[in-house]
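Okay, so here's the structure we're looking at.
The values are calculated or read from the model by the stated rules, or taken from the named source; none is laboratory data. The structure presented is a predicted model; accordingly, all values stated were derived computationally and were not measured. Counting neighbours? That spans all protein chains shown, and the Cβs are built from the backbone with ideal geometry, glycine included.
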Amino acid sequence: MTQSIKIGIIAETKIPEDNRVALTPEQVARLTTLYPNLEFHVQSSPTRAYSDAEYAERSVSVKQDVSDCDILFGVKEAEIDSLISNKHYFFFGHIAKEQPYNRGLLQQMMQSDITFSDYEYLVGDDGLRLVAFGWWAGVVGAYNSMRAYGIREKLFELPKPGHGFNLDQLVENVTAVPSFKCKTVITGVGRSSQGAQFVLNHMGFKNVSYEDFSQNDFGEPVYTLGTLDVLIERTDGHPFVQEDFYADPSGHRSLFYKLAAKADVFISCHFWRNEDPVYLNTEELADPNLKIKVIGDVTADIMGSIKSTVRASTHDEPFYDYNPKTGAEQPAFSDPQNITVMAVDSLPNALARDTSRDFGEKLSEFVIKPIAEGRIGASRVIADATILVNGELTESFKYLQDFADGK
């Protein structure tokens, strides 16, 4: 007989607030019917995109205290003070890259004997993420980037995403924009990049080759994709091999400035590690030949591959200016010599209901199903994403021990 399991959907506690949820009311109701051994409880929240009443209408338990649940699902990091000892948590931890702002979170989970699985590392046999918001981040990131460009160049004004904003409205907004002249480069080819391309395609942008983009001017909006083979080269002059770069990025350098110098807008959707070459350093950003007016940093890696991303921004205030001469932040659209930066680190939250629904479908398939079928311990997908088991680092994440120890 399959064991009965209590699953809790926790309230989001991170500031600024996040309105997304791991499972929608309709999904919880469906899973309850499909798997009678699962008992769902939703922690009450006044800010969630789906209200408490919507869950209650589906006969889903809504309460304040979910400490009796076995497994707890969130979206963003749980607040340290909200952690419950000896539970299994799932959320986006932002820990595995040794992010200093979440050191305390890791330490507290270890001290509380928590088992923690990070959505970011739920991957298929092909290494691609299975449960993610990437495509939606690209969509909203491109929308915000074009919104910034329109304001800055006084060409058009796209509406600011508000409560209840959805994908249909976004598409309607961008397709209504008259044609304008703009050269945009998108880095990366994954889901975030595909989401950004989706928006630009609806705006009437034409996808052109790297060579055409680098050599020609256009009387229409165009974009090109900055793939690794045009972004990175070996320092020894040998041909670039992607597999070698992933295995060892040392001995490589960035070529991106050559492409960036031809662009009006740069939308970054690439995967980047701390040891990878920097794509735009402070010297390159200060070069007067760099004509970029807007950088939409979908990756939102603070002072990472793009040194103009000096901080994350918010949905309420998504833009700020970077002064390339001083390296300082200034108010958005304050000086035409500045670069306007968009670095919202919770982009999918602008489409909270759409993104939650999409996320929950994937979570149901790749995580809830094996849990319900008693296969959580046998799931390779879940095991590979599990950073802690009862407070102890798993083999793949033991490198985090020094980080946890504060070294």
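Points to keep in mind about this one:
- Considering Ile114, Ile71, Ile80, the condition of being touching a residue at least 24 places away in the same chain (Cβ under 8 Å), surrounded by fewer than 19 Cβ atoms within 10 Å (Cβ to Cβ), aliphatic (A, V, I, L, M) and out of contact with any Cys (no Cβ under 6 Å at 6 or more places or on another chain) is satisfied by Ile80 alone.
- Checked against (1) more than 24 Å from the chain's Cα centre (by Cα); (2) on the phi < 0 side of the Ramachandran plot; (3) assigned by TED's automatic domain parsing to the domain that holds Thr24, Leu83 passes all but a single condition, namely (1).
- Helices (runs of 4 or more DSSP H) wholly inside segment 257-372 containing at least 3 residues that are under 20 Å from Arg191 (Cα atoms): 352-363
- Options Thr24, Thr13, Thr33, Thr47; residue that is out of contact with any strand residue (DSSP E or B) (no Cβ under 7 Å at 6 or more places or on another chain), hydroxyl-bearing (Ser, Thr, Tyr) and over 24 Å from Glu77 (Cβ atoms): Thr33
- Check on Phe218, part of a loop (DSSP other than H, G, I, E, B), surrounded by fewer than 17 Cβ atoms within 10 Å (Cβ to Cβ) and in contact with a Leu (Cβ under 9 Å, 6 or more places away or on another chain): no
- Among the residues of segment 336-361, those that are surrounded by 14 or more Cβ atoms within 10 Å (Cβ to Cβ) and either without any contact (Cβ under 8 Å) to a residue 60 or more places away in the chain or touching a Gly at 6+ places or on another chain (Cβ under 6 Å) (or both) comprise Asn338, Ile339, Val341, Met342, Ala343, Asp345, Leu347.
- Annotation note: of Gly406, Gly360, Gly374, the sole residue that is more than 25 Å from Ile15 (Cβ to Cβ) and not aliphatic (A, V, I, L, M) is Gly374.
- Matching residues in segment 117-148 - criterion: being polar (S, T, N, Q) and either more than 15 Å from Ser313 (Cα to Cα) or surrounded by fewer than 21 Cβ atoms within 10 Å (Cβ to Cβ) (or both): Ser117
- When residues of segment 228-244 are limited to those that are of a type in the set (Asp, Glu) and surrounded by 14 or more Cβ atoms within 10 Å (Cβ to Cβ), the one nearest to the chain's Cα centre (by Cα): Asp229
- Annotation: of all residues in segment 1-57 being farther than 21 Å from Ser346 by Cβ and of a type in the set (D, E, K, R), the one that is surrounded by the most Cβ atoms within 10 Å (Cβ to Cβ) is Asp52.
- For Gln401: the one exception among (1) touching a Leu at 6+ places or on another chain (Cβ under 8 Å); (2) touching a residue at least 24 places away in the same chain (Cβ under 8 Å): (2)
- Given (1) surrounded by 14 or more Cβ atoms within 10 Å (Cβ to Cβ); (2) more than 30 Å from Gly237 (Cα to Cα); (3) in the same structural domain as Ser209 (by TED's automatic domain parsing), index of the condition Val367 fails: (3)
- For Asn144, the conditions (1) within 19 Å of the chain's Cα centre (by Cα); (2) at pLDDT below 95 are fulfilled apart from (2).
- Tally, over segment 295-335, of residues that are surrounded by fewer than 17 Cβ atoms within 10 Å (Cβ to Cβ) and either of a type outside the set (S, T, N, Q) or within 15 Å of the chain's Cα centre (by Cα) (or both): 15
- At least 3 residues being farther than 25 Å from Asn390 by Cβ is the threshold, and among the helices (runs of 4 or more DSSP H) wholly inside segment 15-118 those reaching it are 25-34, 52-57.
- Looking across segment 93-135, the residues that are at pLDDT 90 or above, under 15 Å from the mean Cα position of the chain (by Cα) and of a type in the set (D, E, K, R) come down to Asp118, Glu120, Arg129.
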